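Read the figures in this text as sums done on the coordinates, not as results from a lab. Small disclaimer: the values here were computed from a predicted structure and weren't measured. Methodologically, a virtual Cβ is constructed for each residue, glycine included, from the backbone with ideal geometry; neighbour enumeration extends over all protein chains shown.
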Amino acid sequence: MSGRPRPEPVQAVKQRRDTALRALIGQVPMIGYMGVTFDRRGDELTAVMGFDEKLIGNPFLPALHGGATATFLEIAAIVELSFQAMWDDIESGRLDPEAPGRIAMPKTIDFTVDYLRSGLPRDAYARARVNRSGRRYASVHVEAWQDNRDRLFAQATAHFLMPPRG
């Protein structure tokens with residue numbers, strides 16, 4: 001038998017990651033109000049905004065409100081960026097997911113949304129990709145779709161001021 005420690009059971013790892021994600025999401029009341037949830041597969045997050053009538057901006061089309069779309073994209077960007085920043089602490093066990101305390105969130109510097117087509121009255125999905133993340137600054141790109149991942153209805157580019165580490 002080798003001197004290597006036995007790896008953690010996969011369920012313990014999954015539970016630690018899910019608990020840390022819930023703690024992060026729990027800090028942002030707007031996430032609950034908007035009905036946004038996150039599907040986590042490993043370190044990949046997909047934001048899901050379940051359809052609700054309150055999200056409709058134009059009832060004659062009907063189409064999702066532009067503000068709801070922008071908020072959804074910003075939520076996806078902030079949670080992705082924060083989760084990536086926490087990842088090493090989660091994996092090493094330095095962050096206690098049961099008692100993480102207040103997690104410092106990045107602050108939005110600017111946020112540019114491209115509305116590519118009307119958001120339909122149905123569930124929406126978004127994935128964010130961190131282009132650059134340093135000690136003070138981060139750049140994130142977000143894409144949102146509904147029925148077909150190749151037919152985006154909105155995308156955004158955002159820049160954030162990162163919270164001090166430690």
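The condition (being touching a helix residue (DSSP H, G or I) at 6+ places or on another chain (Cβ under 8 Å) and touching a residue at least 60 places away in the same chain (Cβ under 8 Å)) is satisfied by just one residue among A68, A124: A124. Selection of strands (runs of 3 or more DSSP E) fully inside segment 30-135 by the criterion of at least 3 residues being touching a Ser or Thr at 6+ places or on another chain (Cβ under 6 Å) returns 124-133.
If you take the residues of segment 1-29 that are of a type in the set (K, R) and part of a helix (DSSP H, G or I), which of them is farthest from A104 (Cα to Cα)? Applying the filter and picking the extreme gives K14.
Residues in segment 118-134 that are touching a strand residue (DSSP E or B) at 6+ places or on another chain (Cβ under 9 Å) and over 15 Å from A47 (Cα atoms): 7 in all. Among the criteria (1) surrounded by 14 or more Cβ atoms within 10 Å (Cβ to Cβ); (2) more than 18 Å from V48 (Cα to Cα), the one K107 does not fulfil is (1).
Note on segment 9-55: residues that are free of Cβ contacts under 8 Å to residues at least 60 places away in the same chain, among the charged types (D, E, K, R), within 25 Å of E91 (Cα to Cα) and in contact with a Gly (Cβ under 9 Å, 6 or more places away or on another chain) amount to 0.
Out of all the residues in segment 142-166, which are surrounded by fewer than 15 Cβ atoms within 10 Å (Cβ to Cβ) and not in a loop (DSSP other than H, G, I, E, B)? Correct list: L161 only.
Residues in segment 45-57 include at least one that is in contact with a Pro (Cβ under 7 Å, 6 or more places away or on another chain), aliphatic (A, V, I, L, M) and within 12 Å of G119 (Cα to Cα).
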